[in-house]
Amino acid sequence: MYKSPISIELPLRGQWFVEVSPADRVPSHGTDKFGLRYAFDFVQVDWQKAEHPTHDKRKLDYFTKGIPLENYYCFGKAVYAPFTAEVVTVEDSIADGKTASWLNDQTSAIRNSLFFSPKKDGLKSIAGNYVILKRKDNVYAVFAHLQKDSITVNIGDKIQKGQFIGKVGHSGNSTEPHLHFHLMNSFNPEIAQGLPFVFKQYEKYNGSSWQKMKNEIPTATERIRFIRDSS
């Protein structure tokens with residue numbers, strides 16, 4: 001079946017803040033639906049400020065006029081394939097909007113929680129623009145909330161580990177720009193089960209220096225950065 005643990009490369013480059021992690025609770029997003037059991041959310045923050053904001057505007061603006069997406073540190077950042085794979089699903093038609101705001105995002109979240117129908121609405125109403133990759137051992141990787149028109153791969157493409165696939169966005173059911181990432185055992189999210197996995201190697205900041213991690217997963221609130229896998 002699957003090698004245990006499933007070990008993959010980080011799909012991001014540079015420094016990132018772990019917003020949600022299965023290291024803290026399972027299911028990490030409060031549900032096993034759509035293969036979400038072991039899902040991660042990643043954002044970028046200003047590490048020089050104590051509250052680690054995800055944007056360079058006032059916090060109050062999110063609750064009033066909204067924050068322009070371009071002011072979020074991670075919006076538009078590149079996303080990469082964590083393993084050699086075939087592209088099996090691509091959705092790239094969902095607008096990101098111009099701002100992230102509390103009223104719009106909460107309204108969308110409540111509407112989806114009450115009325116979402118997979119058959120009627122499709123996964124795109126939740127995931128926004130997304131890509132699903134298939135590894136040869138039937139491990140499927142999901143990248144959600146990608147920026148509209150940023151996806152560079154097509155269904156049927158054979159792509160290499162580390163290949164650029166799109167950019168971080170704010171499409172679908174998203175409270176702010178971020179990358180949602182998880183693995184599952186089917187190309188069909190409606191029946192898929194989430195798969196646990198580890199990252200082959202990365203570094204985490206321990207407050208004074210960077211510590212190399214191998215075949216581990218970070219916890220929420222950790223500061224991490226990519227290390228290229230040499231294998």
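Below is a table of values for the structure above.
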| item | result |
| --- | --- |
| Label-to-label distance, nm, for residues given as Gln211 and Glu86 (7 Å Cα→Cβ offset) | 4.1 nm |
| Rounded to whole Å, sorted largest first: equivalent-ellipsoid semi-axes of the chain, Cα gyration tensor | 25, 23, 16 |
| Cα-derived Rg to Rh of the stretch 127-231, Kirkwood definition | 0.98 |
| Dimensionless Rg over Rh [the stretch 1-103; C-alpha; Kirkwood] | 1.00 |
| Over 21 Å between alpha carbons, listed pairs Lys98/Lys148; Lys136/Lys161; Lys77/Lys161; Lys33/Lys200; Lys33/Lys158; Lys33/Lys59 | Lys33/Lys200; Lys33/Lys158; Lys33/Lys59 |
| For peptides 29-41, 150-162, sequence by mean Cβ density within 10 Å, most packed first | 29-41, 150-162 |
| Label-point separation, Val26 to Ile6 (7 Å along Cα→Cβ), nm | 1.3 nm |
| Cβ-derived FRET efficiency at R0 30 Å, Ala95 paired with Asn154, nearest 0.05 | 0.90 |
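Each reported figure results from applying straightforward, stated rules to the coordinates on display, with no laboratory input. Nothing here was measured: the structure is a model prediction, and the numbers come from that model. Cβ atoms come from the backbone with ideal geometry, glycine included; neighbour counts cover every protein chain shown.
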